[in-house]
Amino acid sequence: MASPPGRGRDLTSGPILKTLVLFSAPTLASNILQSLNGSINSIWVGQMLGEGALAATANANVVMFLVFAAAFGFGMAATVKIGQAFGARDVLAARRTFGSAVGFCVLLSLVVGSLGWIFAPQLLRAMAAPGETFGLALTYLRVIFVAMPASMVTVMLAMGLRGGGDAATPLKFMILSVVLDVALNPLLIRGFGPVPAMGIAGSALATAIASFVSMIGIVGYVYAKDLPLRLRGAELAWLWPRRDELGYILTKGLPMGAQMLVISAAGIIVIGLVNREGLLVSAAYGAALQLWTYLQMPAMAISAAVSAMAAQAIGAGLNDRLGRITRSGIALNLTVTGLLCALILLFDRPALELFLGAGSPAVDEARHIQFLASWSYLLFGITIVLFGTMRAGGVVWTPLIILSLVLYPVRLGFYYALYPRLGADALWLAFPVSSLVAVALSLWAYRRPEWREKARAVPSEECEEETHADGDTAGRMAPSL
């Protein structure tokens, strides 16, 4: 049953590959815009305020990443349950989960934002922020903490909408947020006319304004278009988190958030190992990392789309569709990521010279790193797609355990065992080796039947009861205009 345009997409019927492409494209565009936003803002800060201010934002962003990792986990847990409810044609159950998720997110963001404002100095000291950047980082971080409720609520709203099959609405307001942030940064940093120069506080304020405008816009749009997840009347009481909904969001969300932290910590360890090789190798790796950021985006977007489609299929009881969704996701990832990988390797020199300069000796080293390690992202994509399907069935600890194994004992073990013989190449080769092990372990976990048998988060009895319950027409899959 297809939903009207702009109201979400029924992901339980129709050609799987076409649906997957159309649904993952807006998410991929959102990810690219978010990365470009950060890059452009860094250019504004670096050019207008200098290296100290740029280092200050980098220190603050580390803190914010850790906070948003938790929000990501809770959002993904809510997305899975919302997707299953939509697949079961139970919009009321989807709204109930959505209300609890948003309400919990508001409470959490207010607590974290307040504590962050108070303890920001201690956080920066714990990170050993350099003395010359400490004051700048503190100013920037405190303004960002003020904007945290808007930022976290926007993330939760976007993820909930995607769970319901609507990836277009979050993209619209991501575009609005990015345009505002990029345009306001230089205006508020340097000042213009009656607007005073605010320095680094202006950069943070630009992000805060963009976050609040985006949040207000997306909420207004949901109600103006009467999208399925809007809450009205007695439904607004669902904004106070229910115990059963909150239990699912917490028990599933914490391991998902922990996955982000495991990946982040592994990246920090790798940077430390790279730094031991000297400035030239460090600069080369930094340039390669810039390209890899974009190389991994298709897999992340496809995995999110696979997760939403699989959740709706599970909710609809279409377990035979899961395998086809997963295979289509893997094929799409291999095609898109493979094409990007080939383009990067074919045109790696001009791409790397954008970051290192045409005459830099680090360019050749970066090309060597790319040749040895870039193709590991093809394998990474397979693993992430398999995780996306299992996540739709509520499997959260297995991906966390697999990631922890391959990023630490496997990757670091390979590096330390072969470093005496291969030198720095042991580190670059550790990427594809650990990715191969991740694929093998994730395929083993995916093929086990136990998780499919316990996949459904919305009980079938509850769906049957509420599907036949009396309610207003706006509570159905296609609400009235």
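The values are calculated or read from the model by the stated rules, or taken from the named source; none is laboratory data. Quantities reported herein were computed from a predicted structural model and do not represent experimental measurements. When we count neighbours, we look across all protein chains shown, and the Cβ atoms used for this are built from the backbone with ideal geometry, even at glycine. Protein only, heavy atoms only, side chains kept; ligands, DNA and RNA dropped before computing areas. Shrake-Rupley method; radii C 1.70, N 1.55, O 1.52, S 1.80 Å.
Taking Tyr416 as the residue in question, decide whether it is among the aromatic types (Phe, Trp, Tyr), at pLDDT 90 or above, loosely packed, with under 14 Cβ neighbours inside 10 Å and touching a helix residue (DSSP H, G or I) at 6+ places or on another chain (Cβ under 9 Å). Yes, satisfied. For the stretch 176-221, residues that are open to solvent by less than 10 Å² (accessible area, probe 1.4 Å), polar (S, T, N, Q) and either touching a His at 6+ places or on another chain (Cβ under 6 Å) or within 18 Å of Val153 (Cβ to Cβ) (or both) total 1.
Filtering Ala77, Ala70 for residues that are farther than 20 Å from Gln296 by Cα, within 19 Å of the chain's Cα centre (by Cα) and open to solvent by less than 20 Å² (accessible area, probe 1.4 Å) leaves a single hit, Ala77. If the condition is being open to solvent by less than 40 Å² (accessible area, probe 1.4 Å) and within 17 Å of Leu354 (Cα to Cα), then the stretch 19-37 contributes only Ser35.
Of the candidates Ala331, Ala288, Ala304, the single residue that is touching a residue at least 24 places away in the same chain (Cβ under 8 Å), open to solvent by 10 Å² or more (accessible area, probe 1.4 Å) and over 23 Å from Met159 (Cα atoms) is Ala331. State all residues of the stretch 80-117 that are open to solvent by 10 Å² or more (accessible area, probe 1.4 Å) and among the β-branched types (Val, Ile, Thr); if no residue qualifies, say none. Correct list: Val102, Val106, Val111, Val112. Filtered by the rule that a residue be open to solvent by 20 Å² or more (accessible area, probe 1.4 Å) and in contact (Cβ under 8 Å) with a residue 60 or more places away in the chain, the stretch 222-231 gives a lone residue, Lys225. If the condition is being of a type in the set (A, V, I, L, M), farther than 28 Å from Leu322 by Cα and in contact with a Leu (Cβ under 7 Å, 6 or more places away or on another chain), then the stretch 69-112 contributes only Val102.
For the stretch 126-134, the criterion of being under 30 Å from Trp238 (Cβ atoms) and among the hydrophobic types (A, V, I, L, M, F, W, C) is met by no residue. Summed over the stretch 239-255, residues that are touching a Phe, Trp or Tyr at 6+ places or on another chain (Cβ under 8 Å) and not in a helix (DSSP H, G or I) total 1.
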